[in-house]
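The values are calculated or read from the model by the stated rules, or taken from the named source; none is laboratory data. Since the model is a prediction, treat every value here as computed from it, not as a measurement. All Cβ positions, even for glycine, are placed from backbone atoms using ideal geometry, and neighbour counts span all protein chains on display.
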Amino acid sequence: MSERLTQLKEWLREQTGQDCDLAPASSDASFRRYFRIELEEGSRIVMDAPPAQEDCRPFIHVASLLQDAGLNAPDIIAQDLDAGFLLLGDLGNTTYLEVLNPESADRLYGDALSALIGIQACVDTASAELPAYDEALLQTELNLFKDWYLEKHCGVTLDAEQQAVWQRTCETLIVSALEQPTVCVHRDYHSRNLMEVNDGHNPGILDFQDAVIGPVTYDLVSLLRDCYISWPRDQVEEWVNGFYEQTVHSGIVNADKVSKEQFLKWFDLMGVQRHLKAIGIFSRLLHRDNKEGYMQDIPRTLGYVMNVCERSPELQDFHQLLLTLKLPDQIS
């Protein structure tokens, strides 16, 4: 790593004409690292993305899509794709998670929901050249829960009957996802990847390199049923209903074909898919990457799953399965 940092500092000297001190800017669940540097013209962010594990090109591509749609993604100031280095504009160091509270939530989420409408309405799905959030990808993500959380972390092996329940649950969630209108999906649109900025262009948007074309409710549930902060159900559903009205007004959703109730059902089931995936990823970060900090977020995330399953007739068997397994992270 010291050799790579030396290489990074040499590259920065070439780009800026200055010797730069690297200060850690944020942590990341991937192999990417971020540093902040102070230049005469202001602060900048440096992305270190080792090419063997990470590809900077999707980040650059999606940043361009978001900026073209009028959204606040960081500027790409300099790049070395072979080395895996990017020099970026700095959107500050105040995440939504740090400033969200009952008094600020309506304002901050109002900005984030307006920006999400911008992503969905202004990024053209036909020309965006993004991967599809298809059945195979949805199933691969769901398998993270079974492989890394149930089997690896909890030591649970499903028997034939339980495996059948799992497969029926996956099919239900995938069908629900694929029947939704498709839009550009950020795929990690939550309080740690949204920045409160002071220039009137709130929020700053980060960590968008995994964007796809997929279900209209995916980013919405990432934001409103956040793995890192939770809100009362009635408040969440009020925000969902308001967003539904915006999607109808913007032409994203046809109110004659999709009722408010159907949209909320999609939202609920999409959340189960996302949260099962997230629990699997948190477990993989612990067991594969020795990153244990995300494990504290599993009870909240599993709680979302249990709550929706309990209320959803099509997920009753899965709810009973989860109760039977007596998982260690269930909230009593």
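Things to note:
- In the range 168-216, the qualifying residues are those that are of a type in the set (Ser, Thr, Tyr) and under 28 Å from Ser104 (Cα atoms), and the one that is surrounded by the fewest Cβ atoms within 10 Å (Cβ to Cβ) is Ser191.
- Matching residues in the range 275-332 - criterion: being under 18 Å from Ile229 (Cβ atoms) and touching a Lys or Arg at 6+ places or on another chain (Cβ under 6 Å): Tyr304
One line per residue, one yes/no per condition, for (1) assigned by TED's automatic domain parsing to the domain that holds Asp207; (2) modelled with pLDDT of 90 or more; (3) at negative phi:
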{"position": "Gly17", "(1), (2), (3)": "no, no, no"}
{"position": "Asp21", "(1), (2), (3)": "no, no, yes"}
{"position": "Ser27", "(1), (2), (3)": "no, no, yes"}
{"position": "Glu41", "(1), (2), (3)": "no, no, yes"}
{"position": "Arg44", "(1), (2), (3)": "no, yes, yes"}
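- Selection count, the range 135-146, where residues are surrounded by fewer than 15 Cβ atoms within 10 Å (Cβ to Cβ) and over 17 Å from the mean Cα position of the chain (by Cα): 2
- Residue tally, condition of a type outside the set (Asp, Glu), under 16 Å from Ile76 (Cβ atoms) and either loosely packed, with under 15 Cβ neighbours inside 10 Å or touching a helix residue (DSSP H, G or I) at 6+ places or on another chain (Cβ under 7 Å) (or both), over the range 44-59: 2
- Candidates in the range 48-84 are the residues that are over 19 Å from Asp199 (Cβ atoms) and polar (S, T, N, Q); of these, the one that is modelled with the lowest pLDDT is Gln53.
- Among helices (runs of 4 or more DSSP H) entirely within the range 224-332, having at least 2 residues that are farther than 24 Å from Arg107 by Cα singles out 260-287, 298-311, 316-325.
- Taken together, Leu138, Leu142 contain a single residue that is under 16 Å from Asp210 (Cβ atoms), in contact with a helix residue (DSSP H, G or I) (Cβ under 8 Å, 6 or more places away or on another chain) and not small (Gly, Ala, Ser), which is Leu138.
Each row is one residue, and each column tells you yes or no for (1) without any contact (Cβ under 8 Å) to a residue 24 or more places away in the chain; (2) of a type outside the set (Val, Ile, Thr); (3) in contact with a helix residue (DSSP H, G or I) (Cβ under 8 Å, 6 or more places away or on another chain); (4) assigned to a helix (DSSP H, G or I).
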| position | (1), (2), (3), (4) |
| --- | --- |
| Ala164 | yes, yes, no, yes |
| Gln167 | yes, yes, no, yes |
| Glu171 | yes, yes, no, yes |
| Gln180 | no, yes, yes, no |
| Asp188 | no, yes, yes, no |
| Ser191 | no, yes, yes, no |
| His201 | no, yes, no, no |
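- Leading residue by the ranking (nearest to the chain's Cα centre (by Cα)) among those in the range 173-206 that are acidic (Asp, Glu) and at pLDDT 95 or above: Asp188
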